[in-house]
Amino acid sequence: MAIIGAGVVGLGIGWRLSGRAVVDIFDRGAAGSGASYAAAGMLAACCEAEPGEETLVALGRESQARWPGFAEQLLRASGIDVELRREGTLVLALTADDQAEIGHRLEFQRRLDLPLEWLSAAATRAREPHLAGKIAGALFSPEDHQVDNRKLVQALRIAAETSGATIHEYRPVKEILVQGGRANGVMFDDGTMTPADIVVLAAGAWSRGIGGLPPDRRPPVRPVKGQMLALKMDSTAPLLQHALWAPGAYLVPRRDGRLLIGGTVEEKGFNATITAGGLLTLLEAAWRAVPAVEELPVDEIWVGHRPGSRDDAPILGRGPLEGLFYATGHHRNGILLAPVTADAMARLILDGVGDRIIRPFGLERFLPARAAE
Ligand SMILES: Cc1cc2nc3c(=O)[nH]c(=O)nc-3n(C[C@H](O)[C@H](O)[C@H](O)COP(=O)(O)OP(=O)(O)OC[C@H]3O[C@@H](n4cnc5c(N)ncnc54)[C@H](O)[C@@H]3O)c2cc1C
């Protein structure tokens with residue numbers, strides 16, 4: 001079995017399949033160096049929920065519920081703690097306008113029974129004393145946690161390899177090989193090939209660029225650029241405890257004292273430039289919410305490319321050929337959705353069982369309706 005892409009999606013599926021199948025995972029670069037490395041690691045199924053995303057929210061909630069067990073199993077399999085932090089998330093309102101906007105979304109979120117609670121300014125400040133002097137309050141999301149996504153890719157890699165998967169780095173796949181109407185291997189950039197009875201396309205934002213299929217059967221995934229930065233806090237006296245969604249930026253405190261600030265959302269293809277404007281927007285938004293960030297040293301700045309599908313939901317299920325499966329398009333939620341993606345795709349590939357929870361996310365939703373026969 002060949003898996004194209006060693007991000008959280010490809011590694012997670014590979015881990016779940018290895019031991020029951022011979023698994024080879026190919027990456028064009030170092031494993032786990034794509035969006036999975038660039039992410040902020042928030043598991044935000046509730047506070048991000050927007051009208052029209054009901055099925056995606058259900059998938060996110062299911063994955064959220066699986067996260068504690070997934071982290072536990074990964075720790076046992078790899079020895080790496082992915083630092084699942086359970087303080088929850090605050091969505092901060094600085095002004096009455098921000099509060100009104102949050103309140104509007106909250107009506108929809110309450111209809112979905114999401115556990116969210118409005119906190120007064122005083123109650124918000126009691127949780128986070130370093131917030132700006134003037135705030136309107138915050139929405140508290142007690143089940144939207146975070147993990148360290150960089151530790152996650154390390155852990156998944158070790159877990160997959162320990163259970164028998166082989167990871168081939170710097171091995172870019174050029175094409176999916178097709179014979180007799182089914183996928184039967186992959187061809188690399190250097191022209192060499194490897195046969196495979198099953199091919200899983202999990203190449204994140206690059207998934208559409210893999211050849212071998214006509215353009216209208218490739219997954220409709222595009223890169224959505226995100227710039228981020230990390231500041232360095234004193235880890236013994238961090239400025240924040242919760243993941244914080246402020247107007248214009250989110251701030252995510254890590255155990256080691258890093259404070260991640262993200263992320264721009266830009267339609268710029270695979271452009272990887274870090275711009276003054278991008279950093280300015282993020283830093284200004286962070287500073288308005290937590291003024292003391294201005295004293296902190298900058299630790300790192302980076303760019304990643306989210307795999308965005310046409311409806312921003314993942315593409316999970318059978319591909320357009322026998323033997324071909326798609327697991328891509330996770331956009332802003334690939335870390336959140338890692339457990340449910342790995343479990344459900346492994347069940348589909350090995351046991352032929354398409355879990356109800358992933359059924360709405362098939363490629364079919366993007367294909368033109370078949371002409372009446
Ligand atoms: C700035 C930013 C912030 C984010 N924050 C969050 C967050 O807080 N929470 C959350 O849940 N999600 C977040 N995301 C989204 C999340 O990172 C992605 O949805 C997730 O990482 C997608 O995983 P993946 O394995 O599909 O893609 P990737 O991690 O990009 O992996 C795809 C892999 O495929 C490889 N590849 C590409 N082309 C080829 C080829 N031809 N042959 C072989 N291999 C190939 C790449 O090298 C790469 O390693 C964020 C993303 C970004 C960019």
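Do we find a residue being more than 27 Å from A138 (Cα to Cα), among the small types (G, A, S) and in a helix (DSSP H, G or I) anywhere in region 263-276?
Within region 263-276 (the criterion being more than 27 Å from A138 (Cα to Cα), among the small types (G, A, S) and in a helix (DSSP H, G or I)), the answer is yes, since at least one residue qualifies.
Go over the candidates L74, L94, L90 one by one and state the one that is at pLDDT 95 or above, open to solvent by 20 Å² or more (accessible area, probe 1.4 Å) and either out of contact with any helix residue (DSSP H, G or I) (no Cβ under 6 Å at 6 or more places or on another chain) or over 24 Å from D311 (Cβ atoms) (or both).
L94
Report yes if G88 is at positive phi and within 13 Å of the ligand (Cβ to nearest atom), otherwise no.
no
Which is of a type in the set (K, R), open to solvent by 10 Å² or more (accessible area, probe 1.4 Å), at pLDDT below 95 and away from the ligand (no atom under 11 Å from the Cβ), of R182, R127, R222, R217?
R217
Take A2 and decide whether it is open to solvent by 10 Å² or more (accessible area, probe 1.4 Å) and within 14 Å of the ligand (Cβ to nearest atom).
no
(1) within 11 Å of the ligand (Cβ to nearest atom); (2) of a type in the set (A, V, I, L, M); (3) open to solvent by less than 70 Å² (accessible area, probe 1.4 Å): which one isn't true of A249, the others all being true?
(1)
Mind listing just one residue for me: the one in region 158-179 that is under 20 Å from A77 (Cα atoms) and crowded, with 24+ Cβ neighbours inside 10 Å and, of those, nearest to the ligand (Cβ to nearest atom)?
The qualifying residue nearest to the ligand (Cβ to nearest atom) is A160.
If you check L283, L296, which single one turns out to be out of contact with any His (no Cβ under 9 Å at 6 or more places or on another chain) and either surrounded by fewer than 17 Cβ atoms within 10 Å (Cβ to Cβ) or farther than 25 Å from L139 by Cβ (or both)?
Going through L283, L296 in turn, just one is out of contact with any His (no Cβ under 9 Å at 6 or more places or on another chain) and either surrounded by fewer than 17 Cβ atoms within 10 Å (Cβ to Cβ) or farther than 25 Å from L139 by Cβ (or both): L296.
Quick check on R288: is it open to solvent by 60 Å² or more (accessible area, probe 1.4 Å), touching a strand residue (DSSP E or B) at 6+ places or on another chain (Cβ under 9 Å) and modelled with pLDDT under 95? So that I can check it myself, show each step before the final result.
On the way: open to solvent by 60 Å² or more (accessible area, probe 1.4 Å): yes; touching a strand residue (DSSP E or B) at 6+ places or on another chain (Cβ under 9 Å): yes; modelled with pLDDT under 95: no.
So R288 does not fit the description; no.
Wholly within region 44-143, which helices (runs of 4 or more DSSP H) include no fewer than the required count, namely at least 3 residues that are under 22 Å from the mean Cα position of the chain (by Cα)?
Numbers: elements: 54-78, 96-111, 121-127.
Filter on region 44-143 gives 54-78.
Given the options W206, W245, W302, W287, name the one that is closer than 30 Å to A126 by Cβ, in contact (Cβ under 8 Å) with a residue 12 or more places away in the chain and among the aromatic types (F, W, Y). So that I can check it myself, show each step before the final result.
Details: W206 fails: closer than 30 Å to A126 by Cβ; W302 fails: closer than 30 Å to A126 by Cβ; W287 fails: in contact (Cβ under 8 Å) with a residue 12 or more places away in the chain.
Of the residues listed, the single one that is closer than 30 Å to A126 by Cβ, in contact (Cβ under 8 Å) with a residue 12 or more places away in the chain and among the aromatic types (F, W, Y) is W245.
Take L283 and tell me if it is within 16 Å of the ligand (Cβ to nearest atom), at pLDDT 95 or above, outside any loop (DSSP other than H, G, I, E, B) and farther than 19 Å from L11 by Cα.
The answer is yes for L283.
For region 335-354, what are the residues that are touching a residue at least 12 places away in the same chain (Cβ under 8 Å), part of a loop (DSSP other than H, G, I, E, B) and either open to solvent by 10 Å² or more (accessible area, probe 1.4 Å) or more than 30 Å from T281 (Cβ to Cβ) (or both)?
I335, G354
The values are calculated or read from the model by the stated rules, or taken from the named source; none is laboratory data. Just so you know, these numbers come straight off a predicted model, no measurement behind them. Note: ideal-geometry Cβ built from the backbone for every residue, glycine included; neighbour counts use all protein chains shown. Note: accessible area is taken over every heavy atom of the protein model, side chains too, but ligands, DNA and RNA are not part of it. Shrake-Rupley method; radii C 1.70, N 1.55, O 1.52, S 1.80 Å.
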